[in-house]
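Taking it in order: structure first as structure tokens, then the write-up.
Nothing in this text is a laboratory measurement; each read-out follows from the coordinates by a stated rule. Note that the structure is a prediction, hence the values are computed from the model and not measured. Please note: Cβ atoms are built from the backbone with ideal geometry, for glycine as well, and neighbour counts cover all protein chains shown.
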Amino acid sequence: VRGGAVRWIGGGLAALAIALLATAAARAQSAGEWRSSRELWRETCGYCHNDRVARELRGTGISARLLISAVRSGPGGMPSFAPSEVSDAELEQLAEWIAAQPSPSASSSDRGARTPRHGSRERPQ
Amino acid sequence: MPSRTVLPAGISNLVLERALAELRRVVGADSVLRGSEPLLPYEKLMIPAAQDEFEPAAAVLASSLAEVQGVLAVCNKYRIPLWPISTGRNFGYGSAAPATAGQVILDLKRMDRILEVDPVLCTALVEPGVTYQQLHDYLRERKIDLWLDFPADGPLVGPVGNTLERGTGRTPYADHFAHACGMEVVLADGRVLRTGMGSLAAQPKSPSWQIFKYGYGPYLDGLFTQSNFGVVTKLGLWLMPAPAAYRTVLVQYSRDEDLARAVETVRPLRLSGTIANPCTLANATLRLTEFARREDLFQGSGPVPDGLLLAAARQHGIAPWNLSFSLYGTPEQIAPNLQIVTRAFEDSGGRVVLDYRDGTQSNELNLRAFSLLDWAGGGGLIWLATVSAARGADAVGQRDLARGILAQYGLDYLATETVYGRDLHHLAAIVFDRRDPQVRLHVRDCVRELISAFAQNGYGIERASIDFMDAVARTYGETRREVNRTLKRALDPNGILAPGKSGIHEERS
């Protein structure tokens, strides 16, 4: 067998410890929790808007109004986001946060500079 | 508020307004959306249909089981059709849009509680609005060492919607419905059914609801997938204990004609359990979308010529067929299995690349799949999802059939062929510029022909977009459709739930 070491996953023993200690199942997370703009960026926008799938938005001077419109309508290949997922107030704050952010790096937003990606992309369903 | 012209079939504007007024009393005025702008997010399409073809009349945002029951009572009273969505992200199959224009979206995204995670028995109970991202964060924050299995758009979608559509992922728990256990379903008349062990009279709930699927009597859960017989408001999940280690392997086949040998090599390794997760063969064009757009390679009409395609693929280390899978377990378990699979794939002519990275096989969320939508520009995507036996000849048969018809329509062939076990799933992504109405019509003609040709060759469609649900239902014959209609009449006599879903239409009493 060629190649390097098997990829170990941290926490195998920790999981066992948790399982042994758990006297009751972990319960409940309340719905409708307010999320910060940074959190929304991390768990949604940032997956694509990183110059790999779609262009970076931070530091581009894009207006908050345009962002709000794009989030609701989903231009091109972008999904749309309903108010049940991102409330009007969250979206307004997020758009202002993005518009005010500096560029995260000096990397170009030119799609020609697209970085090769690794990993497969099968089955978006 | 501006009035929309789109109305439910057979319902006047006055009746709809009356119903919406009552719905506002159920869910709150701010949770009933009507008018062009508020409904925009529900109208976004990737499929080759015009945006107004599947316009909803309104959207109702429910936050609880009681609100869902209240909404159903009003809609039964006025016979308003409702299209339930969980996250509304059925990309390439219709997203959030209803199967017919004028339905009222029942948006369950706000029902997003993770009700229970049992780290000992490795189960969870979640509501429809929960996303894989949310569940992933929940487990990580609590240091619960369980893995999720998600589709390639995992961060944005959720286990309830994906399971109900019978979606799949890439780990050993890839068949999501097979790893679901127990549903809470609100029937059209407002009664609440808990399936499997969930109907036991134990309080507050049966302790084995998420443990044993079947309970007593007929096993009902399948009736509520790809159907319109109830609104699922809770779903039990089985989660995979994080393996001690894993190793993801890529096998590259340098010739298009190697596809059959690859499938013949994979099948016994899957059936014996040597490989525990589905083995996906991705073609060069699909893999290339990670690195390039079509216009970077070719500016002419018709499919990108093979020579250009393969030259670009070589530049990026992509082969005509790229097989990936993982081995999971302890290092001691992985080592001998790695020897077995390496030998088998090398003997079949494949080039084995160890330590390939694919987050969907190892609990890492990403959205890199979205660059697929950039291939042709214009954001158009419709899937052709078909099934055959896991035989080399059928893999080739499906490839040739799809590629031939797509080429006739001037479209590129981007596809995976995945061996789950005995079954092989062929998934072709038809990407196009949906800004051009002529292109949309052209793609629709192409999909219509694909559906017909695949069915005639015995390759059934296993999941269909809203614009082809009737066409696909017809390929399964009249008896199947009549049984569906009988169930629909029994469970939803007013036909208010998602008319047209999977080709099952309302038959109003």
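At 222 nm, what helix-only mean residue ellipticity would the protein assembly as shown give, in deg cm²/dmol to the nearest 500, using -39500 (n - 2.57) for each DSSP H run of four or more? Result for the protein assembly as shown: -9500 deg cm²/dmol, rounded to the nearest 500.
Among the residues of B:356-369, the average count of other protein chain beta-carbon atoms within 10 Å of the residue beta-carbon is 5. I want to verify the translational diffusion coefficient of the protein assembly as shown in µm²/s; compute it with Stokes-Einstein, Rh as the Kirkwood radius over Cα pairs, at 25 °C and 0.890 mPa s. The estimated diffusion coefficient comes to 97 µm²/s.
From largest to smallest, what semi-axes in whole angstrom does region B:112-163 give when each is the square root of 5 times an eigenvalue of its alpha carbon gyration tensor?
Whole-Å semi-axes of the equivalent ellipsoid: 17, 12, 10.
Just to confirm a number: summing +1 for Lys and Arg and -1 for Asp and Glu over residues other than B:Leu156 whose beta-carbon lies under 12 angstrom from that of B:Leu156, what do you get? Local charge sum for B:Leu156: -1.
Ranking B:Gly215, B:Ala188, B:Pro151 by how far each Cα lies toward the positive end of the dipole of region B:131-227 (charges on Cβ) leaves B:Gly215 at the top. Take each residue in A:83-90, count the other chain C-beta atoms within 10 Å of its C-beta, and the mean is 6. Reported to the nearest whole Å, the Cα centre-to-centre distance from region B:130-184 to region A:35-85 is 23. Applying the criteria of a DSSP loop state and at most 15 other Cβ atoms within 10 Å to the trypsin sites (Lys or Arg not before Pro) of region B:342-373 yields B:Arg357. For region B:436-509, the calculated P(r), taken from all Cα-Cα distances in 5 Å bins from zero up to the bin holding the longest distance, is 3, 15, 22, 20, 16, 11, 9, 3, 0 percent.
Against the empirical 2.2 N^0.38 Å (N residues), chain B has a Cα radius of gyration ratio of 0.98. The charge dipole of the protein assembly as shown, taken about its Cα centre with unit charges on the Cβ of Lys, Arg, Asp and Glu (plus for the first two, minus for the last two), comes to roughly 460 debye.
Mean separation of Cα pairs under 8 Å and 6 or more residues apart, divided by the residue count, gives chain B a relative contact order of 16 percent. Of all segments of chain B bounded by chymotrypsin sites (Phe, Trp or Tyr not before Pro) found in a DSSP loop with no more than 12 other C-beta atoms within 10 Å, the longest spans B:220-509.
With both partners inside the protein assembly as shown, how many of the DSSP beta bridges are antiparallel, as a percent to the nearest 5? Could you put the intermediate results ahead of the total?
Details: 66 of 76 bridges.
Within the protein assembly as shown, antiparallel bridges account for around 85 percent of the total.
For region B:365-407, the alpha carbon convex hull comes to 116 Å³ per residue, rounded to a whole number.
A quarter of the convex hull surface defined by the alpha-carbon atoms of region B:37-122 gives 7.1 nm² as the mean projection. Relative to the longest principal axis of the Cα atoms of chain B, the long axis of helix B:65-78 lies at roughly 70 degrees.
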